[in-house]
Each structure stands twice: as C-alpha cells, then as structure tokens.
Amino acid sequence: MAQKLSSPYSGLLGWIDARLPIPRMLDREYLKFRVPKNLNYFWSFGGILMISLGVLIITGISLGMHYKPSEAEAFASVERIMRDVNFGWLIRYMHMNAAHFFFIAVYIHIFRGLYFGSYKEPRELLWILGVVIFFLMMATAFLGYTLPWGQMSFWGATVITNLFSAIPLVGDSIVTWLWGGFSVDDQTLNRFFVLHWVIAFAIVAVVLLHVTALHITGSNNPAGIEPKSQSETLTFNPFMTSKDLVGAMVFFTLFAVALFFAPNLLGHPYNSIPANPLVTPTHIVPEWYFLPFYAILRAIPDKLLGVIAMVSAIGLLAAMPWLDRSRVRSCVFRPVWKWLTLLFVVNFFVLTWVGAMPAEGIYVWIARVGTLYWFAYLLVLAPLVGIYEKPKRLPADIHEFEAMKATGEIRFLPFPIWPSRTGRETGAQPAE
C-alpha cells in the first residue's frame, strides 16, 4: 500500500509540499529559524549580499544576450548596449555598480567576522567557505572588468595574467592557456567571457554551502557567546527580516544614488577608450577593490614573492580560526585585540590608497609598512595576543550582555556609535 502523503499546509501549496517539501524547508530555515536576539545591523549584510548577487546574475544574463566576446566587436557591442538596447544603459550601470557595492558589503561582512570572532569554533568551515567565495569573487570581477575591452581592461588583463608566469615550471604554460595563444587577443576575450560565467555560478554554489553551514551552526552575535535558552533568541521572521529590510533599504538607496547620479565614479576613465595594444597607459591600476592586494604585490621587489604575498594575504584569513588562540570571540571583551583589529582596517584603507599611487618613492615604503602589518596581524599578533591578552569579564548570557550594554559598561567599539537594537528585542520572547 502506498504511503499516505501529508503536509502542514492545505490546498495547492500542501499538495506540492507533500511531494516536494521545499515550502516546509523554507519555512523552517528562513522564517522559524532562530537567531540571537542581540544581532545588530552588521548582520544585515549577509542578506544584502544575497540580493546583490541576484542583481548581478540577472543583469549579467541580460547583458550577455547582447554582448559579443570578440576583440573586434566587444567595445562596440558595449556601446550598442548603452545607446540602442532598451534600458541597456540602466542594465549595464546596474551590473557595474552592483559589483562595486557587492565588494563594499563583502568588506564590511569580513570586518564584522573579524571583529566579533565569527571564525571561531564551531564556525570554522563557515568562515573558510566565505574566504573561498571571496577568492571566486576576485576572479570573476577581474574577468568581468576585461570584457568591455577598453584600455584599462586590456592592459589590466595583460598585467594580471603575466603574474602567473612567476610560477616555477608551469607558469608560462598557464599564461599561454589563459591567453589562448601567445598574446592577449580575441581568444583571450572568449575564454574570459566563458570563465566569467562559470565562476559566477560557482559562487552561487558555494554561497548555498555557506548558508547551509550557517544554518547548522547558527549565527554568532556581538557578545560572542552562544544562546543558552530560547528566550535569548528570536525567530528570523519577522524580527530579523524587518531589520534586514531597513538595512537593505539604506544600502540600496546609496546604490541608487551612485547608479543615477555618478555611475562612473568608481570606474576608470581610460576604460572608455577602445583597447589599443600599441599605447600603454601612463599608470595601470586595477579596480579599487583590488588595490590593497595590488599594493602588497608591488611592495615586494621579487615577482614570485610578490605573487605569493598577494595570494597569502587573502588565504591566511582562512587560517584565522587556528591563528587566533584566544578563547574569547568578540572584540567587545578584548581590549588589546580590539585596537589591533581596528588598526588592521585602517591599514586596509591605507593600502587601498597606496595601490592607486605610482610604485615609486614614499608610496613603496608606505606599502611595505602596510604589508608588514597585514602579515604581522595574522601571523604574529593573532597568536601572541590570543595567549597573553587579559579579556574583560564575560556576561553569563545574552540577557546580561544587553544589560551591560544598556548601562554603558560595554560598547561595541572604543568610540560611540549609533544604538543597535532589533526593534522590541529588549524583552524576552515567550518560548514556542
């Protein structure tokens, strides 16, 4: 006898759910999923990134329908999209600026993870998957930047792909494979177009793993302590969905301002000129989100060591769960590590600025100091401070953390910031 199918829903939704329980799964994982009650707006950037990724994929598919990955036609096809395709200018500017804002949100997301210790047990794999996503983002953003085939696209592709030649034994073969020949030309553009799509969908796959890992371990929180009772948590909907919507509205309002009033602000003017292999730009720079790592690359005079340092600057972040030896997660209770992490953020901005400057004079020395601190923070300070730092007293639970925050005994940063409460979260939610 066939097993009787059942579902908590009725009607058509119940019929579908009984046979394919996706509605039940979404309800459990995205509506009734419980999160700590003290999450602030830093935790809204996960949802913002999901929306941004969706915008990038939808606009990317629309652009791909009109783009021609040919050395002779690529630049002209982009111009045609801007001038002749219905709302083509809007789609292209949305895609371009969504990429910039995606990286802004990612860097804030990474800072939150570092500051509040979201990489510590049991979220090590969640953090590592995030670093993998970041690597894939860097790759697909670079490939996408070459597709308009402007001057900076062409010369950026030439400079970055030549970095692979520093790899012993196989470097030249990798460069030849990437180029599809012996120079950056039509075959290179075709390969980059395909790889841009492949890696973009690889990002979607890893994001699904990232979200799955999050729902297994649960969210970290500003206190860095696990909820001990149901009264210390809230259902994701409506509490965090309403909070995330407010954060998303602010973020995408800024995105809309950039999109409609300064769409080319974060781009490079040289990319409005068709690619010309015979004319080298006076100063070749990547997009702003690559600049810190570009500065690290140029800070080291040896090409191979520079490439290793650039890749390691990101890769070592994946080892933070083991490099940081402290048993306390959140910087709120770590008086020394708090300042070192904030200095790490300042150093990030300094390297971003230096990466856009010519590789000469004082800029090289500033880049070397910034590179030294980057690696000292990860390899030296994280283990030593974790062992020898004396943290502040940890609260017994999230309720006590909220009380300590209300009285001013603790605060998230060493300087005042705006209040960060989740609506009516100050009271305990009745157990379900």
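The values are calculated or read from the model by the stated rules, or taken from the named source; none is laboratory data. Just so it is clear, the structure is predicted and the values come from calculations on it, not from any experiment. Note: ideal-geometry Cβ built from the backbone for every residue, glycine included; neighbour counts use all protein chains shown.
Check whether at least one residue in region 130-148 is closer than 20 Å to residue 330 by Cβ and surrounded by 21 or more Cβ atoms within 10 Å (Cβ to Cβ), and report yes or no. Looking through region 130-148, at least one residue is closer than 20 Å to residue 330 by Cβ and surrounded by 21 or more Cβ atoms within 10 Å (Cβ to Cβ). Taken over region 230-284, the criterion of being among the hydroxyl-bearing types (Ser, Thr, Tyr) and either within 12 Å of residue 155 (Cβ to Cβ) or part of a helix (DSSP H, G or I) (or both) is satisfied by 231, 241, 242, 253, 270, 272, 280, 282. Checking each residue in region 356-389 for being without any contact (Cβ under 8 Å) to a residue 40 or more places away in the chain and either not β-branched (Val, Ile, Thr) or not in a helix (DSSP H, G or I) (or both) picks out 357, 360, 361, 363, 365, 372, 373, 376, 377, 384, 388. Candidates in region 1-38 are the residues that are among the basic types (Lys, Arg) and part of a loop (DSSP other than H, G, I, E, B); of these, the one that is nearest to residue 237 (Cα to Cα) is 32.
Do we find a residue being surrounded by fewer than 14 Cβ atoms within 10 Å (Cβ to Cβ), closer than 30 Å to residue 401 by Cβ and modelled with pLDDT of 85 or more anywhere in region 8-28? Yes, region 8-28 has at least one match.
From 107, 41, which residue is of a type in the set (Phe, Trp, Tyr) and over 29 Å from residue 322 (Cβ atoms)?
The conditions single out 41.
Looking for something of a type in the set (Lys, Arg) and either modelled with pLDDT under 95 or outside any helix (DSSP H, G or I) (or both) - is there at least one such residue anywhere in region 91-109?
Taking region 91-109 first, the residues of a type in the set (Lys, Arg) are 92.
From what's left, either modelled with pLDDT under 95 or outside any helix (DSSP H, G or I) (or both): none.
Checked against the condition, which is being of a type in the set (Lys, Arg) and either modelled with pLDDT under 95 or outside any helix (DSSP H, G or I) (or both), region 91-109 yields no hits at all.
Just one of the listed residues (195, 143, 126, 178) is under 19 Å from the mean Cα position of the chain (by Cα) and within 30 Å of residue 281 (Cα to Cα), namely 143. In this structure, residue 136 does not satisfy being farther than 22 Å from residue 197 by Cα and among the aliphatic types (A, V, I, L, M).
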